[in-house]
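The structure appears below as structure tokens.
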Amino acid sequence: MENSGGIKASLQGRYASALFDLASENGAISAVENDLEAIGQAIKESPDFAGLIRNPQVSRTAAAAAMDGVAGVLGLSPLTKNFVGVLANNRRLSALPQIISAFAAIAAAQRGEATAQVTSAHALTDEQVEQLRGKLEAREGRTVKIKTSVDPDLLGGLVVTIGSKRIDSSIRTRLNSLAQAMKG
């Protein structure tokens with residue numbers, strides 16, 4: 001695993017690693033990964049939910065009850081439901097977004113995959129994403145999963161991040177570099 005040592009050294013990494021081990025034992029890695037993606041999406045889409053997991057004034061009991069309700073709404077598997085309950089009881093819900101990222105990284109490394117975060121000025125077509133995937137897989141020598149986002153401030157080009165590597169071919173960066181060079 002590429003970053004397993006660094007990931008597992010953090011608090012979030014230890015939780016993610018423990019969840020991964022349990023999911024692996026139960027043959028539920030894919031289900032848990034899907035559950036965590038659903039939770040991550042809910043955190044991004046719901047300011048109330050994001051506020052709940054970060055609010056230190058919410059009691060353990062109330063947080064556990066709220067997470068039980070969220071688990072029901074999202075249709076989480078029993079393993080994931082129990083896991084978020086443990087996080088609530090240990091007052092670790094604020095670490096949930098980082099735990100989700102760490103779990104995804106551990107699962108991807110286990111499958112021999114890399115995840116590329118691709119930011120572009122305009123939405124990429126499916127054909128462009130597939131062409132980019134082919135080039136990145138040739139470069140990395142392994143399967144690459146692509147997550148796209150749009151940032152109009154880039155003006156054009158792409159910013160690709162795979163692990164700790166970053167490829168920035170955005171027009172914004174090129175213009176900034178040119179401006180710095182002209183300042184002397």
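General remarks:
The rows are residues; the columns are (1) aliphatic (A, V, I, L, M); (2) in contact with a strand residue (DSSP E or B) (Cβ under 9 Å, 6 or more places away or on another chain).
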site: 66; (1), (2): yes, no
site: 72; (1), (2): no, no
site: 75; (1), (2): no, no
site: 88; (1), (2): yes, no
site: 103; (1), (2): no, no
site: 112; (1), (2): no, yes
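- Hits in segment 16-51 - residues which are under 18 Å from residue 86 (Cα atoms), free of Cβ contacts under 8 Å to residues at least 12 places away in the same chain and open to solvent by 60 Å² or more (accessible area, probe 1.4 Å): 21
- Some residue of segment 45-55 being assigned to a helix (DSSP H, G or I), out of contact with any Phe, Trp or Tyr (no Cβ under 7 Å at 6 or more places or on another chain) and of a type in the set (Phe, Trp, Tyr): yes
- The criterion of at least 3 residues that are open to solvent by 60 Å² or more (accessible area, probe 1.4 Å) and touching a residue at least 24 places away in the same chain (Cβ under 8 Å) is met, among strands (runs of 3 or more DSSP E) falling completely within segment 59-170, by 143-150.
- Of residues in segment 168-184 being within 16 Å of residue 120 (Cβ to Cβ) and basic (Lys, Arg), the one nearest to the chain's Cα centre (by Cα): 172
The values are calculated or read from the model by the stated rules, or taken from the named source; none is laboratory data. These figures come from a predicted structure and were not determined experimentally. So basically every Cβ, Gly included, is an ideal-geometry build from the backbone, and we count neighbours across all protein chains shown. Side chains are part of the model used for accessible areas, which takes the heavy atoms of the whole protein and leaves out ligands, DNA and RNA. Shrake-Rupley method; radii C 1.70, N 1.55, O 1.52, S 1.80 Å.
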